[in-house]
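> Encoded as C-alpha cells, here's the structure I'll be asking about.
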Amino acid sequence: MSERIDVSIEHRHAPPEDGRRHPNTCPKCGSHYRDDELAEHLNVCPQCGHHFPVHARERIQQLFDPDSFVEEAAELRSDDPLAFFDLRPYTERLAEAELSTGLGEAMVIGRAAIEDQPCQLAVMEFGFMGGSMGRVVGEKFARACEGAGERGVPLVSVTTTGGARMQEGILSLMQLPKTVCAVEDLRDAGGTLISVMAHPTTAGVLASFASLGDVLVAEPGALLSFTGPRVVQQTTREKLPDDFGLAESNFRYGHIDAIVPRPELRPMLGGLLRLFADGR
C-alpha cells in the first residue's frame, strides 16, 4: 500500500462542490489552504503574499504578547438613537453582528504589550457592520487615547473599516471631530499614536484618527482612500491608475511611512514601542 501524501495546497482553480468559493481560497492566485495552514502563515498566502482578512481577536493574538491583553470597555453597546430602519431595524443588525463576530462593537480596546513593551491598543473588526464607526466606536477610541495618556504609553491602533455608520446619521459623523480631539489630547499629554491601516481603511475613519498617527504604516495591498476607485471614476469620468488608493500608491506619494507585511508587523511595532518607550 502506497504511503499517503498530505497535500496542503490543492488544485488552484478547482471549484468547490457547491459552486461557492471556499473562504480559504486566495482571490489573487487561486491557491487553497486548510484553516490551520493559513493561520500558521498569519492569514497571508505564502504563494503570492495576499493578505486575508483577520478577526480583531486573532489580530490581537498575532501582534501582542501572550496573556498581556486586558480588555477595557467591553460592556459598551450601541443603542438606536434615531430608531433607524432600512430593510431591517438597526437593533436587529447590531444583534446579528454581535452573534457573528462575538464582539459587542466594531472596536476592541485595552492594554497589552509587544515584545515586553507596554502599550494601549484599539483594534477594529470589519466583520461588525463593515467596521463602521458609530458613537460607541468613537467613545472606545477616545477612552483608549485617555488610557494611553494616563499610563504614559503609546497607543497602537489597527483600522479596517468602511467609514461612518449611516444608521446613526449625524451622530456618527460627530465621531470624526471627537476622535481627532482625542488624538490631540493624547499628544498634549506627551503621548504617541502608531496607526496601522489594514484593508480597507476608508471614509470617515481615514479622514479622522487613522491618518493622525505619529507613525503611519499599512499592510500590502490595503485600500486607503476616502472612497473606492469605482465611485471616484464614475464621478470624475477619468481613467484611474490600477493602484489608485492602494497602500503602494499612498506610500509613493508620501501619505504613509511604510508598507509592512503582516509577518514583519510585530517586530516592527516592538521596535517602535522601544523608540517611544516613555510615550513620547
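The values are calculated or read from the model by the stated rules, or taken from the named source; none is laboratory data. Computed from a predicted model, the values in this text were never measured in an experiment. Glycine gets a Cβ as well: all are built from the backbone with ideal geometry, and neighbour counts include every protein chain shown. Keep in mind that these areas ignore ligands, DNA and RNA; they rest on the heavy atoms of the full protein, side chains included. Shrake-Rupley method; radii C 1.70, N 1.55, O 1.52, S 1.80 Å.
> State whether one or more residues within segment 120-133 are part of a strand (DSSP E or B), aliphatic (A, V, I, L, M) and open to solvent by 10 Å² or more (accessible area, probe 1.4 Å).
Scanning segment 120-133, I find no residue that is part of a strand (DSSP E or B), aliphatic (A, V, I, L, M) and open to solvent by 10 Å² or more (accessible area, probe 1.4 Å), so the answer is no.
> If you don't mind, another one. Checking GLU105 against (1) open to solvent by less than 60 Å² (accessible area, probe 1.4 Å); (2) not in a loop (DSSP other than H, G, I, E, B), which test does it fail?
So GLU105 meets the others, but not (2).
> Now for a separate question. So which residues in segment 33-54 are closer than 29 Å to ALA148 by Cβ and either at pLDDT 95 or above or among the aliphatic types (A, V, I, L, M) (or both), if there are any at all?
LEU42, VAL44, VAL54
> Which of the helices (runs of 4 or more DSSP H) found entirely inside segment 176-280 contain at least 2 residues meeting this: in contact (Cβ under 8 Å) with a residue 12 or more places away in the chain, basic (Lys, Arg) and open to solvent by 40 Å² or more (accessible area, probe 1.4 Å)?
262-275
> For segment 119-143, which residues satisfy the criterion of being within 15 Å of THR192 (Cβ to Cβ) and free of Cβ contacts under 8 Å to residues at least 60 places away in the same chain?
Scanning segment 119-143 gives GLN120, ALA122.
> Only one of these is under 28 Å from GLY147 (Cα atoms) and under 16 Å from the mean Cα position of the chain (by Cα): ARG262, ARG274. Name it.
Sole residue among the options that is under 28 Å from GLY147 (Cα atoms) and under 16 Å from the mean Cα position of the chain (by Cα): ARG262.
> Looking at ALA97, ALA142, can you tell me which residue is part of a helix (DSSP H, G or I), touching a helix residue (DSSP H, G or I) at 6+ places or on another chain (Cβ under 6 Å) and more than 20 Å from LYS178 (Cα to Cα)?
Step by step, each of ALA97, ALA142 is checked, and only ALA97 is part of a helix (DSSP H, G or I), touching a helix residue (DSSP H, G or I) at 6+ places or on another chain (Cβ under 6 Å) and more than 20 Å from LYS178 (Cα to Cα).
> Among the numbered criteria (1) assigned to a strand (DSSP E or B); (2) open to solvent by 80 Å² or more (accessible area, probe 1.4 Å), which single criterion is violated by GLU71?
(2)
> Here's something else I'd like to know. Among the residues of segment 35-54, what is the count of those that are touching a Pro at 6+ places or on another chain (Cβ under 8 Å), part of a loop (DSSP other than H, G, I, E, B) and of a type in the set (A, V, I, L, M, F, W, C)?
1
> Oh, and also: Restricting the search to segment 159-193, which residues are of a type in the set (A, V, I, L, M, F, W, C), touching a Ser or Thr at 6+ places or on another chain (Cβ under 7 Å) and over 22 Å from ASP79 (Cα atoms)?
Across segment 159-193, the qualifying residues are VAL180, LEU193.
Each row is one residue, and each column tells you yes or no for (1) more than 15 Å from the chain's Cα centre (by Cα); (2) within 22 Å of ARG59 (Cα to Cα); (3) open to solvent by 20 Å² or more (accessible area, probe 1.4 Å).
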| position | (1), (2), (3) |
| --- | --- |
| PRO89 | yes, no, yes |
| ALA95 | yes, no, yes |
| SER100 | yes, yes, yes |
| GLY147 | yes, yes, no |
| GLY163 | no, yes, no |
| MET166 | yes, no, yes |
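> Please verify whether PHE52 is of a type in the set (Phe, Trp, Tyr) and more than 20 Å from VAL137 (Cα to Cα), treating the condition exactly as stated.
Against the criterion (of a type in the set (Phe, Trp, Tyr) and more than 20 Å from VAL137 (Cα to Cα)), PHE52 qualifies.
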